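Enquirer: My questions will all concern the structure given below.
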Amino acid sequence: RKLDEQWQDKALALATELGISIVGRSRKQKIVVGEDYVTERLTINGATFRYRQIEQSFTQPNAAVNTHMIEWACAQSTDLRGDLLELYCGNGNFTLPLAQHFDAVLATELSKTSVRAARHNIESNNVNNVELIRLSAEEVSTAMRGDREFRRLQSLHKPLAKYALDTLFVDPPRAGLDSATLAMAAGFETILYISCNPNTLADNLQTLNNSHRISSFALFDQFPYTHHMECGVRLDRRV
């Protein structure tokens, strides 16, 4: 049903009474009473990061476990040097804390809503060594091979080839990494892989095992009492 003036009046009254925001959706309608986002604060290794979580955009649902995941990723990065390439950065969930461990971070994301949130989060947390580009993982692979020049990459402070991209961080959707991204990943010294699907992770690891070895593995139970499990893997290039 269409959200009419009566709905808006009642939503406004409820929002005022409870001190909240309300987002109403119906077919081809989105009505916002207040804001369409919340601000989440996470304390990572003693430092507080503020994340804008926009309605209908992806976010990690379990804040406590998410904090452990981010701290694990940071712990894996303490001995790494150079620059970081991050695929599927979302709203900057891992990006902001990880940026402390690298000279520069190139973060990529395709979702316009997530990119908008990530740009806000980078600025509001005063992170100044992250460059965010709206590209898919497949497009990044194409650019890294030099097969195509993307206009969006022209905003970088220097040409893509000039970055010391020794470390790759990925947090892909349940389908895992596509074949082109896997081929690109094989060229990195270190890969940090966060997975929400152990099955596709196992498939990807079979391929990556040809060029890398697993040096750290962790499990994170985002959804207790379900079969879902998040995994964290660090892979280092075989000597």
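Enquirer: If we scan segment 40-54, do we find a residue that is in contact with a Gly (Cβ under 8 Å, 6 or more places away or on another chain) and surrounded by 12 or more Cβ atoms within 10 Å (Cβ to Cβ)?
Expert: Among the residues of segment 40-54, at least one is in contact with a Gly (Cβ under 8 Å, 6 or more places away or on another chain) and surrounded by 12 or more Cβ atoms within 10 Å (Cβ to Cβ), which makes the answer yes.
Enquirer: In the list E71, E55, E40, E17, which residue meets the criterion of being over 30 Å from L235 (Cβ atoms) and at pLDDT 95 or above?
Expert: Working: E71 fails: over 30 Å from L235 (Cβ atoms); E55 fails: at pLDDT 95 or above; E40 fails: over 30 Å from L235 (Cβ atoms).
After applying the criteria, what remains is E17.
Enquirer: If you don't mind, another one. Output yes when any residue across segment 31-45 is closer than 16 Å to G92 by Cα and touching an Asp or Glu at 6+ places or on another chain (Cβ under 7 Å), and no when none is.
Expert: Yes, there is a match, as at least one residue in segment 31-45 is closer than 16 Å to G92 by Cα and touching an Asp or Glu at 6+ places or on another chain (Cβ under 7 Å).
Enquirer: Something else about it: Are any residues in segment 210-239 under 21 Å from T167 (Cα atoms), touching a strand residue (DSSP E or B) at 6+ places or on another chain (Cβ under 9 Å), assigned to a loop (DSSP other than H, G, I, E, B) and polar (S, T, N, Q), and if so, which ones?
Expert: Residue satisfying the conditions is S211 alone.
Enquirer: Let me ask something additional. Just the residues that are part of a helix (DSSP H, G or I), open to solvent by less than 10 Å² (accessible area, probe 1.4 Å) and either of a type in the set (D, E, K, R) or touching a Ser or Thr at 6+ places or on another chain (Cβ under 6 Å) (or both), please, taken from segment 118-139.
Expert: Here is the first cut: in segment 118-139, the ones part of a helix (DSSP H, G or I) are 118-124, 137-139.
Next, from what is left, pick out any that are open to solvent by less than 10 Å² (accessible area, probe 1.4 Å): 118, 121, 137.
A137, the sole residue that qualifies.
Enquirer: Please go through segment 55-82 and pick out each residue that is open to solvent by less than 20 Å² (accessible area, probe 1.4 Å) and among the polar types (S, T, N, Q).
Expert: Q60, N66, S77
Enquirer: I'm trying to understand the selection: among the residues of segment 39-75, which are in a strand (DSSP E or B), closer than 23 Å to P224 by Cα and either touching a Cys at 6+ places or on another chain (Cβ under 9 Å) or free of Cβ contacts under 8 Å to residues at least 12 places away in the same chain (or both)? Walk me through it before giving the result.
Expert: Step one: filter segment 39-75 for residues in a strand (DSSP E or B), giving 39-44, 47-54.
Going one step further and asking which of them are closer than 23 Å to P224 by Cα, we end up with 40-44, 53.
Passing the criteria: R41, I44.
Enquirer: Would segment 149-162 turn up any residue that is under 24 Å from V233 (Cα atoms) and hydrophobic (A, V, I, L, M, F, W, C)?
Expert: no
Enquirer: Take segment 92-108 and flag every residue that is more than 14 Å from D166 (Cα to Cα), part of a loop (DSSP other than H, G, I, E, B) and open to solvent by 10 Å² or more (accessible area, probe 1.4 Å).
Expert: Across segment 92-108, the qualifying residue is only N93.
The values are calculated or read from the model by the stated rules, or taken from the named source; none is laboratory data. Worth saying up front: this structure is predicted, and the values here are computed from it rather than measured. When we count neighbours, we look across all protein chains shown, and the Cβ atoms used for this are built from the backbone with ideal geometry, even at glycine. Heavy atoms of the whole protein, side chains included, go into the accessibility calculation; ligands, DNA and RNA do not. Shrake-Rupley method; radii C 1.70, N 1.55, O 1.52, S 1.80 Å.
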